[in-house]
1. Here are 349, 320, 367: which of them is open to solvent by less than 40 Å² (accessible area, probe 1.4 Å), under 30 Å from residue 459 (Cα atoms) and either out of contact with any strand residue (DSSP E or B) (no Cβ under 6 Å at 6 or more places or on another chain) or modelled with pLDDT under 85 (or both)?
2. Within segment 264-286, is even one residue over 30 Å from residue 119 (Cα atoms) and in contact (Cβ under 8 Å) with a residue 12 or more places away in the chain?
3. Can you tell me which residue in segment 264-284 is farthest from residue 154 (Cα to Cα), limited to those that are open to solvent by 60 Å² or more (accessible area, probe 1.4 Å) and in a helix (DSSP H, G or I)?
4. Only residues that are open to solvent by 60 Å² or more (accessible area, probe 1.4 Å) and touching a helix residue (DSSP H, G or I) at 6+ places or on another chain (Cβ under 8 Å): list them for segment 394-406, please.
5. What is the residue count in segment 505-521 for residues that are open to solvent by 10 Å² or more (accessible area, probe 1.4 Å) and among the aliphatic types (A, V, I, L, M)?
6. Regarding residue 235, is this residue more than 30 Å from residue 515 (Cα to Cα) and either in contact with an Asp or Glu (Cβ under 8 Å, 6 or more places away or on another chain) or open to solvent by less than 60 Å² (accessible area, probe 1.4 Å) (or both)?
7. Output the residue which, of all residues in segment 384-420 that are outside any strand (DSSP E or B) and among the acidic types (Asp, Glu), is nearest to residue 363 (Cα to Cα).
8. Just one of 260, 293, 250, 307 is surrounded by 15 or more Cβ atoms within 10 Å (Cβ to Cβ) and more than 29 Å from the chain's Cα centre (by Cα); which is it?
Amino acid sequence: MLSFKSKPALSSLILLLLIIVTLFFFSYSASAKPHHYIKGGGDGFKTWEKTMRRSLAVVDNNSTLILAAHRTHRPDPLDHFNDYNGGFNISNEHYWASVALTAAPFFIIAIVWFIIFGLCMSFICLCYCCCPREPYGYSRACYALSLIFLVLFTVSAIVGCVVLYTGQGKFHSSTSNTLDYVVHTAHNTSETLKNVSLYLDAARGVGVDGITLPEDAIKSINDLDDKINSSANTLSSVTANNKDQIQDGLNGVRMALIVLAAVMLFLTFLGFVFSIFGWECLVYTLVIAGWILVAATFILCGVFLLLHNVVADSCVSMDEWVLNPTAHTALDDIIPCVDNTTAQQTLRESKNVTNQLVSILNQVITEICNLDYQSVPPQLRTAPIYYNQSGPKIPLVCSPFHSDLTDRNCAPGEVHLDSASEVWKNYTCEVSGNLCTTPGRLTPSLYSNFSAVLNVSYGLYHYGPFLVNLVDCTFVRDTFTTISHTYCPGLRRYTEWIYVGLVLVSAAVMFSLIFWVIYARERRHRVYTKQFMGTSYEDQHPPK
């Protein structure tokens with residue numbers, strides 16, 4: 001049987017591509033390893049984690065904390081490839097340059113593939129056009145191996161498309177859930193701030209028997225109200241706008257990945273069918289399209305590896321920031337705390353107004369409600385001081401704060417803000433002509449005024465912990481903790497799925513392109529060889 005030796009161009013191309021891919025995976029696995037190794041397995045890691053937490057805990061409140069310093073310790077191409085030491089910082093071009101360098105192998109593969117495969121295809125075309133030869137002679141082993149590898153890489157491409165499609169769906173869902181959580185948190189914070197503003201507004205108009213807040217307190221409330229509404233609207237609107245922009249970008253990425261997976265799957269299927277049936281013209285047309293798509297897919301691999309590293313850096317940074325939330329960090333650009341001055345002023349004013357409203361209630365209780373008939377001079381036995389009040393005296397309301405606005409414990413006999421309204425029901429009387437006709441020290445109208453003042457006072461007191469959380473950024477810390485523990489694992493896992501799927505699709509289609517050409521060529525040689533051998537046999541054994 002005649003033997004056929006493959007052309008040097010195809011053999012060299014396959015060998016070169018195998019070497020490139022092998023070197024890439026070796027270099028990537030080496031770069032993915034941590035710079036510092038910890039002996040002792042899990043216990044060693046726990047010891048390192050405790051040490052890290054202690055070191056982070058001692059950072060001064062007003063200092064700048066470098067986040068994910070160990071993880072972001074990468075060469076910086078903008079600084080002559082010196083190690084980048086600025087930590088996670090999305091506003092720093094050196095951070096983006098260093099993290100982009102981790103995706104450089106994919107970009108290099110895309111360039112090398114585009115240039116070398118293009119040159120090889122050009123060389124093959126020139127040889128085919130300028131040096132035509134009879135296409136007879138083939139190797140059975142080469143024919144069988146090319147068919148086996150063609151099937152293998154076709155199946156690999158299908159698996160890669162499935163992984164890519166599944167990964168993009170999971171990633172889109174996880175990212176959307178994360179964004180929804182952030183927006184929901186910001187919206188709740190904004191609405192709560194507006195509720196505080198509403199209670200302060202109500203405090204300006206409440207009073208009992210003509211006793212209201214002093215003018216200076218009302219002026220402070222007016223000034224503070226504008227700041228609260230401004231902070232609430234800014235927090236809500238900025239977060240919502242950022243969410244919309246990010247969501248639009250994610251939707252575009254999702255559509256691009258879906259289209260890419262569908263195109264690659266369709267391309268692989270057509271290439272396999274055209275190769276099996278030996279339609280070389282169509283095969284070469286698909287090879288040209290696949291040549292460009294593979295280069296683009298490798299670039300996307302690098303982009304998603306970059307995204308995967310940024311997501312991982314963000315998650316590590318959130319963990320570290322939670323340990324020291326008051327330090328200035330790069331995460332302030334993602335979810336800034338509400339303006340600290342406004343938060344402090346709101347907390348102080350809410351405590352002050354609460355104290356003053358309680359003082360108004362206690363003043364009316366002491367000077368009017370708890371007066372006895374005998375102690376009121378005849379000339380003063382008219383409303384509002386006298387309305388025939390009698391019976392057990394009303395207990396005073398517990399003021400939750402001292403005059404310096406520090407927390408205060410209730411004295412014996414005082415009623416707490418949350419239970420005063422129920423207690424006062426026992427001291428109401430029935431009235432006729434604005435005078436009590438039954439024992440009691442509160443008329444229904446007076447009880448309504450008391451309840452209105454109490455409602456405002458209790459509302460401001462109720463939102464005190466929320467305002468404290470704003471001042472010390474607890475709400476941001478809680479948000480980052482939830483994102484880190486609930487959403488980060490999924491984000492990191494599914495970005496990895498996407499770039500693994502892209503790598504698998506790229507490599508499988510890349511080798512499929514080569515074996516489309518090889519198998520179609522071997523099939524054509526096999527057909528011509530059989531025809532040549534049949535013709536030779538007829539020439540040697542003519543019919544009698």
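The values are calculated or read from the model by the stated rules, or taken from the named source; none is laboratory data. Quantities reported herein were computed from a predicted structural model and do not represent experimental measurements. When we count neighbours, we look across all protein chains shown, and the Cβ atoms used for this are built from the backbone with ideal geometry, even at glycine. Please note that ligands, DNA and RNA were not included when accessible areas were found on the heavy atoms of the full protein model with its side chains. Shrake-Rupley method; radii C 1.70, N 1.55, O 1.52, S 1.80 Å.
1. 349
2. No, that holds for no residue.
3. Of everything passing the filter in segment 264-284, 281 is farthest from residue 154 (Cα to Cα).
4. Hits for segment 394-406 are 396, 403.
5. Selection size over segment 505-521: 2.
6. Against the criterion (more than 30 Å from residue 515 (Cα to Cα) and either in contact with an Asp or Glu (Cβ under 8 Å, 6 or more places away or on another chain) or open to solvent by less than 60 Å² (accessible area, probe 1.4 Å) (or both)), residue 235 qualifies.
7. Here the residue is 414.
8. Going through 260, 293, 250, 307 in turn, just one is surrounded by 15 or more Cβ atoms within 10 Å (Cβ to Cβ) and more than 29 Å from the chain's Cα centre (by Cα): 293.
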